Amino acid sequence: MTEPARQTERDNMIADQIVPRGIRDPGVIAAMRHVPRHRFVPDSHARFAYADSPLPIGHGQTISQPAVVAFMTEALALQGREKVLEIGTGSGYQAAVLAELASRVFTIELVEPLAKQAAQRLAELGYVNVTVRAGDGYRGWPEEAPFDAIIVTAATDHVPQPLLDQLALGGRLILPLGDSFQKLTLYRRTQNGYERTELIPVRFVPMLREDRASREGKP
């Protein structure tokens, strides 16, 4: 398929999926219109890249549906100066969208083959402001903290304390919270602690760990 045809698919995605779900941030809309989502899915699913659904990317992981990517990104209220941490690189698509809107993006993926593929793909597309690392995202990226925004793209039944600790004052953290029933939940760090806002019901793959510390509530 030609690039003009792909651009038409992205334009239709915006008109049919993104705007009708209430996404209004012009920066988010522009990013979703620009990032070539079809480059982040397996060739076998490329024809469905702009469909209103998640898609498998291998290793039991998925790329989130476009509207969810847009919703989570808009909730971070990025202005262009931020340092962002993403937990769960997956295909790299969410990182690319974030890179269109933030100064720096640091993204962690536990599945090493996915991390390598995402890093290569992002480099090929010119996203020089994204750094990919293979590792356990539960622990965050302490040597680069604090972060102005943190986005978690896998479900957990509790907020990892290391991520809260690495959030800058005034920063925002969004994640799918829950087990079988999940809600996107937004945390904002204030002088007095953290403000919590429940947003929309979602269904994400569970957060993977290198060990079982998360079940014990330990970092």
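With respect to VAL152, is the statement that it is of a type in the set (Val, Ile, Thr) and over 18 Å from VAL69 (Cα atoms) true?
no
Residue-wise test of (1) surrounded by 20 or more Cβ atoms within 10 Å (Cβ to Cβ); (2) at positive phi.
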{"site": "GLU9", "(1), (2)": "no, no"}
{"site": "HIS59", "(1), (2)": "no, yes"}
{"site": "ALA70", "(1), (2)": "yes, no"}
{"site": "LEU76", "(1), (2)": "yes, no"}
{"site": "GLY80", "(1), (2)": "no, yes"}
{"site": "GLU109", "(1), (2)": "yes, no"}
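Determine if region 137-152 includes at least one residue that is in a loop (DSSP other than H, G, I, E, B) and either polar (S, T, N, Q) or closer than 23 Å to LEU55 by Cα (or both). Looking for residues that are in a loop (DSSP other than H, G, I, E, B) and either polar (S, T, N, Q) or closer than 23 Å to LEU55 by Cα (or both), one finds none in region 137-152, hence no.
So that you can scan it fast, the table gives a plain yes or no per residue for (1) of a type outside the set (A, V, I, L, M); (2) free of Cβ contacts under 8 Å to residues at least 24 places away in the same chain; (3) farther than 21 Å from GLU9 by Cβ:
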position: PRO36; (1), (2), (3): yes, no, no
position: VAL41; (1), (2), (3): no, no, no
position: ALA49; (1), (2), (3): no, no, no
position: VAL84; (1), (2), (3): no, no, yes
position: GLU100; (1), (2), (3): yes, no, no
position: ARG104; (1), (2), (3): yes, no, yes
position: GLU109; (1), (2), (3): yes, no, yes
position: ALA115; (1), (2), (3): no, no, yes
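Cβ-Cβ distances below 7 Å connect the following pairs, each with a first residue in region 2-18 that is touching a residue at least 24 places away in the same chain (Cβ under 8 Å), a second residue that is of a type in the set (A, V, I, L, M) and surrounded by fewer than 19 Cβ atoms within 10 Å (Cβ to Cβ), and a separation of six or more residues or different chains: ILE18/ILE29.
Residues in region 34-57 that are surrounded by 15 or more Cβ atoms within 10 Å (Cβ to Cβ), out of contact with any Gly (no Cβ under 7 Å at 6 or more places or on another chain), assigned to a helix (DSSP H, G or I) and not aliphatic (A, V, I, L, M): ARG37, HIS38, ARG39.
If you go through region 90-107 and pick out every residue that is in a loop (DSSP other than H, G, I, E, B) and either buried (at least 24 other Cβ atoms within 10 Å of the Cβ) or small (Gly, Ala, Ser) (or both), you end up with 5.
A short reminder: the numbers here are calculations on the coordinates, not readings from a lab. All values reported here derive from a predicted model rather than from experimental measurement. No Cβ is skipped: glycine too gets one built from the backbone with ideal geometry, and neighbour counts run over all protein chains shown.
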